[in-house]
1. Out of 208, 218, report the one residue that is crowded, with 19+ Cβ neighbours inside 10 Å and touching a strand residue (DSSP E or B) at 6+ places or on another chain (Cβ under 9 Å).
2. Residue under question is residue 319, and the condition is that it be crowded, with 16+ Cβ neighbours inside 10 Å and under 25 Å from residue 154 (Cα atoms); does it hold?
3. Given the condition closer than 19 Å to residue 161 by Cβ and either surrounded by 15 or more Cβ atoms within 10 Å (Cβ to Cβ) or touching a helix residue (DSSP H, G or I) at 6+ places or on another chain (Cβ under 7 Å) (or both), answer yes or no: does some residue in the range 270-287 qualify?
4. Inspect all residues belonging to the range 224-234 and state whether any of them is in contact with a helix residue (DSSP H, G or I) (Cβ under 7 Å, 6 or more places away or on another chain) and either farther than 27 Å from residue 279 by Cβ or at pLDDT below 90 (or both).
5. For residues that are within 15 Å of residue 309 (Cβ to Cβ) and free of Cβ contacts under 8 Å to residues at least 60 places away in the same chain, scanning just the range 144-190, find the one that is surrounded by the most Cβ atoms within 10 Å (Cβ to Cβ).
6. Could you tell me whether any residue of the range 288-295 is touching a strand residue (DSSP E or B) at 6+ places or on another chain (Cβ under 7 Å), farther than 23 Å from residue 220 by Cα and crowded, with 18+ Cβ neighbours inside 10 Å?
7. Filter the range 298-321 down to the residues that are modelled with pLDDT under 95 and farther than 13 Å from residue 247 by Cβ and list them by number.
8. So which strands (runs of 3 or more DSSP E) stay within the range 222-321 end to end and still have 3 or more residues that are closer than 29 Å to residue 204 by Cβ?
């Protein structure tokens with residue numbers, strides 16, 4: 001067979017209208033039908049699953065919370081002692097608004113070992129302690145330091161000298177030591193005493209009208225301690241004191257129409273007791289003092305009285321500031 005004849009035969013077979021195409025056409029149509037049937041069956045199987053899926057919900061739902069198991073009631077146990085309530089912190093008071101109701105009174109809780117009293121803190125200080133501190137500060141501010149006191153009374157010698165009128169004044173300062181109970185005072189006074197006696201004057205004879213006049217000016221430096229103090233709550237003030245006195249004396253003797261004079265200091269030891277009662281700007285004072293004072297009257301011999309010891313009773317008013 002020639003080359004041209006072979007090519008013509010192949011073309012007839014391959015072309016759409018040829019025998020090969022007609023042989024393959026039924027096979028191709030049968031395959032397509034089987035494939036369409038298979039796809040239709042697969043769609044029918046997948047349709048229920050696709051219909052049940054909500055596109056708005058996640059494919060995997062979160063696990064449901066397990067139901068709470070009903071707990072059985074616990075058996076009744078022995079009643080335990082109540083515990084003491086914990087004390088509130090100190091900052092709780094500061095954070096409360098004004099006008100808040102007061103906390104309940106402290107509770108007394110009894111335990112097996114002892115009874116414990118729980119006191120809730122009221123800020124930084126307990127109310128009783130704060131009140132005591134405030135009173136203490138107020139008392140310290142109310143304490144006065146200085147006192148000026150004029151006094152009048154009587155000087156009663158323990159010798160034959162007669163009682164004389166006494167007038168004086170003092171300036172006192174409260175020392176800031178020993179709980180403000182000590183005072184340092186400086187006082188000055190004035191008094192006149194006299195004695196009319198019978199004396200035998202050597203070289204002159206007996207004189208029934210012997211007269212001695214003495215003017216005293218006591219200057220005393222005292223240290224007194226308050227046993228009771230009205231400014232510290234006592235109903236009455238009481239103080240005791242001791243000190244040194246320098247008594248200036250001016251003495252004149254009259255005998256047989258002659259006058260002899262002597263002057264000079266007499267050293268004295270002084271002890272004092274004082275009562276005080278607050279009134280107005282200061283306190284009423286009542287003093288009892290004893291002074292041991294002596295002077296040797298050398299110019300006047302032994303007939304003159306140089307012992308000026310005795311008691312001083314005075315009353316006065318002390319201005320305090």
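The values are calculated or read from the model by the stated rules, or taken from the named source; none is laboratory data. These numbers come from a predicted model, not from an experiment. Using ideal geometry, Cβ is built from the backbone for each residue, glycine included, and neighbour counts are taken over all protein chains shown.
1. Only one candidate qualifies: 218.
2. Spelling it out, it is not the case that residue 319 is crowded, with 16+ Cβ neighbours inside 10 Å and under 25 Å from residue 154 (Cα atoms).
3. The answer is yes, given that some residue of the range 270-287 is closer than 19 Å to residue 161 by Cβ and either surrounded by 15 or more Cβ atoms within 10 Å (Cβ to Cβ) or touching a helix residue (DSSP H, G or I) at 6+ places or on another chain (Cβ under 7 Å) (or both).
4. yes
5. 164
6. no
7. 298, 299, 300, 301, 302, 303, 304, 305, 320, 321
8. The strands (runs of 3 or more DSSP E) meeting that bar are 237-255, 258-279.
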